[in-house]
Amino acid sequence: MIFEALDPRKGKQLQLLNEKGKLSKDADKYPLMSNDVALKALDILITARAADDWSVSLQRQGRMPTYPPNKGQEANTIGSLLALNNDDWFVPAFRELGGVLTRGIPLKNWYMYYYGNEEGNRLEIEKYHTLPQCVPIASQYLHSVGLAYAEKFKGSKRLAIAFVGDGGTSEGDFHEALNFAGVWNTANIFYIQNNQFAISVRREFQTASKTLAEKAFAYNIEGVQIDGNDMFAVYAATKMAADKARSGNGPTLIEGVTYRLGAHTTADDPTRYRQDDEVEKYLQFDPLIRLEKYLIDNKLIDENEIEKKKKEAKDYVTEEFKVVEDMKDHTLEDTYIYMYKEMPEILKMQMKSQMEFIKEVEK
Ligand SMILES: Cc1ncc(C[n+]2csc(CCOP(=O)(O)OP(=O)(O)O)c2C)c(N)n1
Ligand SMILES: [Mg+2]
């Protein structure tokens, strides 16, 4: 039991870097990010944050369709993917921009997808070992068990990490996936980004469980709850879960406790279900501020260099989106033609009626 001392049923939560950017006294008992990795995490986080802010602004300008910001949650996906090998399977939901950038997938792809260009979701599998963005909630969890089972069958050490939101843990697919992983003892890491909301539904209306991590134990899987805004805790927990999985000791469920600083998507108005002062309160837990403090205190970077990186990131995301906006070669039909080899009648009908509708509104 690698995570025995961190049993969520006993109220334990792993935090290594606190809000003041200080490492806990016993941090060296855990696998810690090296300075180089911590600096890389900062670079990616700055880019993800800039990409998010720019997307929201673009949507308000009418230049970007619906977009799901990952602002405030980025450490969960950046820290975890940094702890894995580049050929481990990455199975995202739809809010994992930090992980996408950590994998080295061009921001352009992410922007293309949310711009409505399906090509953005077609990733070179041998290069990225990443599944497409997955909007049907929790269905990706089953895919990740299938991948890990296939790797086990082949005798490889490659594992699969899959992400889901807190709301996704109320879906049957989540439980079916954990059930199979428990029975087959597959090399899976199940990561829950508990950002406290499923659109407007608060975490406590979602499930009566005290923690989401403890759901794992019903399937004879270890569950651990961590501070998901702490890049060091995310990295350490994922690294431990990965070592465990590779040595044949099975899957782990990690619940990263975080907070969605932005709206569910740009189509959502969170002021209808939460007060601004709640968001204000959570700003102090921002993973970016915390990592910056740590790096500055340890003289690994200074404020001017960080400002420079933020400016460069802003230019970079602006340029990446411009490329996407200027692409003229994708059509509405693309949304339909990638689904099946031969399009079923029902989709043909949908496509036809959508085309007619568009023609009508464009008149
Ligand atoms: C199977 C399914 N049901 C409903 C939806 C509509 N939907 C989109 S996001 C969402 C909430 C998801 O909440 P959570 O799992 O906490 O993820 P978060 O959006 O907070 O990242 C819902 C219900 C969907 N996409 N798929
Ligand atoms: Mg959520």
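How much of LYS127 can a 1.4 Å solvent probe reach, expressed as accessible area in Å² and rounded to 10?
Roughly 120 Å² of LYS127 is accessible to a 1.4 Å probe.
So which of LYS40/LYS215; LYS127/LYS152; LYS71/LYS157; LYS328/LYS359; LYS22/LYS244; LYS71/LYS244 end up more than 24 Å apart by C-alpha?
From LYS40/LYS215; LYS127/LYS152; LYS71/LYS157; LYS328/LYS359; LYS22/LYS244; LYS71/LYS244, over 24 Å: LYS40/LYS215; LYS71/LYS157; LYS22/LYS244; LYS71/LYS244.
Residue farthest toward the positive end of the dipole of the range 43-103, with Cβ of Lys/Arg at +1 and Asp/Glu at -1: which of ALA51, GLY62, ALA93?
Of the options given, the answer is GLY62.
Run the 1.4 Å probe and let me know the accessible area of PHE90, rounded to the nearest 10 Å².
That residue has around 0 Å² of solvent-accessible surface.
Return the long-range amide H neighbours of LEU159 (sequence gap of 5 or more, or a different chain), with a cut-off of under 5 Å between placed amide H atoms.
Placed amide hydrogens put TRP89 under 5 Å from LEU159.
On full extension of the chain, what length is gained from ASN179 through GLU362, given 0.36 nm per residue of separation minus the C-alpha to C-alpha distance?
Result: 60.9 nm gained on full extension.
Mind checking the full-extension length gain between ASN121 and MET351? Use 0.36 nm per residue of separation minus the Cα-Cα distance, one decimal, nm.
Stretched fully, the ASN121-MET351 segment lengthens by 80.8 nm.
Along the charge dipole of the chain, Cβ charges K/R +1 and D/E -1, which of VAL234, GLY248, VAL37 sits furthest on the positive end?
Going by the charge dipole, the pick is GLY248.
Once you have the Cα-Cα distance between ILE306 and GLU204, take 0.36 nm times their residue separation minus that, and quote the gain in nm to one decimal.
Length gained, ILE306 through GLU204: 33.0 nm.
Arrange the residues ASP52, ASP276 by how much accessible surface each exposes, largest first, with a 1.4 angstrom probe.
Sorted descending by solvent-accessible area, the residues read ASP276, ASP52.
Tally up the carbon and sulfur contribution to the accessible surface of the range 83-237 as a whole percent, 1.4 Å probe, everything protein left in place.
Taking all protein chains in place, the range 83-237 shows 53 percent carbon and sulfur surface.
Rounding to the nearest 20 debye, state how big the charge dipole of the chain is about its Cα centre with +1 on each Lys and Arg Cβ and -1 on each Asp and Glu Cβ.
The dipole magnitude comes to about 620 debye.
What order do you get for 113-124, 246-257, 67-78, 302-313 when each peptide is scored by the mean count of other beta carbon atoms within 10 Å, highest first?
67-78, 246-257, 113-124, 302-313
Looking at the square roots a ≥ b ≥ c of the eigenvalues of the Cα gyration tensor of the chain, which shape do they give, rounded for a/c under 1.5, prolate if a/b is larger than b/c, or oblate?
oblate
Would you mind computing the Rg to Rh ratio of the range 162-203 from its alpha-carbon coordinates, Kirkwood style for Rh?
Rg/Rh for the range 162-203 comes to 1.04.
When DSSP beta bridges are limited to those with both residues in the chain, what percentage is antiparallel, rounded to the nearest 5?
Here the share of antiparallel DSSP bridges comes out near 10 percent.
Using a 1.4 Å probe on the protein heavy atoms, what percent of the accessible area of the range 241-352 belongs to carbon and sulfur?
52 percent
Between the range 16-79 and the range 308-363, what is the separation of their alpha carbon centroids in Å?
If you average the Cα positions of each part, the centres end up 28 Å apart.
Taking Rh as the Kirkwood radius computed over C-alpha pairs, what is the Stokes-Einstein D of the range 246-340 at 20 °C in a medium of viscosity 1.002 mPa s, expressed in µm² per second?
115 µm²/s
Magnitude of the Cβ-charge dipole of the range 220-334, K/R +1 and D/E -1, about the Cα centre, nearest 20 debye?
Dipole about the Cα centre, nearest 20: 500 debye.
Can you compute the charge dipole magnitude of the range 1-106 about its Cα centre, using +1 on each Lys and Arg Cβ and -1 on each Asp and Glu Cβ, nothing else charged? Give it in debye, rounded to the nearest 20.
The dipole magnitude comes to about 400 debye.
Report the accessible area of MET1, computed with a 1.4 Å probe over the heavy atoms of all protein chains in place, in Å² rounded to the nearest 10.
The accessible area of MET1 comes to roughly 140 Å².
Per residue, what accessible area does the chain have, given a 1.4 Å probe and all protein chains present, in Å²?
48 Å²
How big is the range 50-168 on each of its three principal axes, counting only the C-alpha atoms and giving the largest first in Å?
51, 28, 25
The values are calculated or read from the model by the stated rules, or taken from the named source; none is laboratory data. The shown structure was predicted, so the numbers you read here are calculated from the model rather than taken from an experiment. Don't worry about glycine lacking a Cβ; one is built from the backbone with ideal geometry, like all the others, and counts go over all protein chains shown. We work out accessible area using only protein heavy atoms, side chains counted, and drop any ligands, DNA or RNA first. Shrake-Rupley method; radii C 1.70, N 1.55, O 1.52, S 1.80 Å.
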